[in-house]
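The values are calculated or read from the model by the stated rules, or taken from the named source; none is laboratory data. Predicted model, so just to flag it, every value in this text is computed and none were measured. Side chains included, ligands, DNA and RNA excluded: accessible areas come from the protein's heavy atoms. Shrake-Rupley method; radii C 1.70, N 1.55, O 1.52, S 1.80 Å.
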Amino acid sequence: HGGPENLEAIDFLRRLNEVIAERQPGAITIAEESTAWPGVSAPTRNGGLGFSCKWNMGWMHDTLRYMARDPLYRAWHHHDITFGLLYAFSEKFVLPLSHDEVVHGKGSLLGKMAGDRRQRFANLRAYFGFMWAHPGKKLLFMGGEIAQEREWSHDGEIDWWLLDRPENAGVQRLIRDLNRLYTAEPALHAADCDPAGFEWIIGDDSVNSVFAFLRRGDGGRPILCVTNMTPVVRTGYRVGVPEPGEWRELVNTDSELYGGSNLGNGGAVQATPVPAHGCAQSIELVLPPLATLCLGPGS
């Protein structure tokens, strides 16, 4: 109709997804798609292309760019983390840390992190914790789960021998525990495509490079994610919460189990009736350096 669209290709993709859905219920199709084309994952009956999900390439590029920056300068690039939530529910997104990011001279995920060796591992653990709590399905290319230190090569296997090193084995344990938490807590996955499943608690603390948000979904308990993207320990950091009582640390990426410095909150904190961030209750946290905390109410 005068534009660059290939109408036959559009019809083909729609019909492809319809036939797959008819002949193999439960099958999924995912579009590795990086444009602003609307409705890639919308149903064909609503004019969409009918894919189950679409890669969120913007999220990947923005957040990896942020993680590569020295924490000293992250305050001026706070939007690289927050911007993705402006469009997070426009499609059914996958958060991809893909093959493309660890080949052709791009190095490894660990190599993209800022700082010395210890800080690179801490940054990567914090990033994984943030990613698993963020709306969107997860894609992690092979080797990322053990913090492979060199670029991936199709000519050989993953560097499994790295698991003899405590810091690499720690990242593997973190991924294991994040997966267990993700499957156990509906708040982290049930409402990925629904704005009601996400709420910013602190999205504007660029000075401290701290982010805090709630996830909700499917009648499960809310999960609070708090990320400190600087190597500075924050003590007495107050965060509003929606429920009174005890809030337990479900994951702390700074735990010594994962190779961290083991700073945290002793496993749990008690909410007090001190209003903060639009909530009637709040908790005071110790935020470990370069770390993500996931907390939930109750036992």
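Odds and ends about this structure:
- Heavy-atom accessible area ranking, 1.4 Å probe, most first, across S261, S108: S261, S108
- GNM result for the chain, Cα springs below 10 Å: residue of A212, A126, A36 fluctuating most strongly: A36
- For L139, nonlocal amide neighbours, meaning residues 5 or more places apart or on other chains whose placed amide H falls under 5 Å from its own, are L95, L97.
- From phi via Karplus (6.51, -1.76, 1.60), per-residue ³J(HN,Hα) for the stretch 263-271 in Hz, x at Gly/Pro: 7, x, 10, x, x, 6, 9, 9, 6
- The stretch 76-217: proportion of alpha-carbon pairs further apart than 22 angstrom, %: 44
- The stretch 191-299: C-alpha gyration tensor shape, a/c 1.5 cut-off, then a/b vs b/c: rounded
- Given a 1.4 Å probe and the protein chains as shown, L49 ends up with an accessible area of around 10 Å².
- Among the protein heavy atoms of the chain, carbon and sulfur supply 54% of the accessible surface, probe 1.4 Å, non-protein parts ignored.
- Contour minus Cα-Cα distance for L16 and R238 (0.36 nm per residue): 74.8 nm
- Look at the alpha carbon pairs under 8 Å that are at least 6 residues apart: their mean separation over the length of the chain gives a relative contact order of 14 percent.
- Pairs of alpha carbons in the chain whose separation is greater than 27 Å (percent): 44
- Here H277 sits with roughly 90 square angstrom of accessible surface, probe radius 1.4 Å.
- Those lysines that a straight Cα-Cα span of less than 21 Å connects to K92, excepting residues fewer than 8 apart in one chain: K54, K137, K138
- A 1.4 Å probe over all protein chains sorts V274, V19 by accessible area into V274, V19, starting with the largest.
- Accessible area (Å², 1.4 Å probe, nearest 10) - V239: 0
- Here the Karplus relation 6.51 cos²θ - 1.76 cosθ + 1.60, evaluated at θ = phi - 60°, turns the backbone of the stretch 223-236 into coupling constants of 10, 9, 10, 10, 10, 10, 9, 10, x, 9, 6, 9, 9, x Hz, with x for every Gly and Pro.
- Ranked from largest to smallest solvent-accessible area, with a 1.4 Å probe on the protein heavy atoms, W37, W76, W132 come out as W76, W37, W132.
- Accessible surface calculations at 1.4 Å, restricted to protein heavy atoms, place the chain at 46 Å² per residue.
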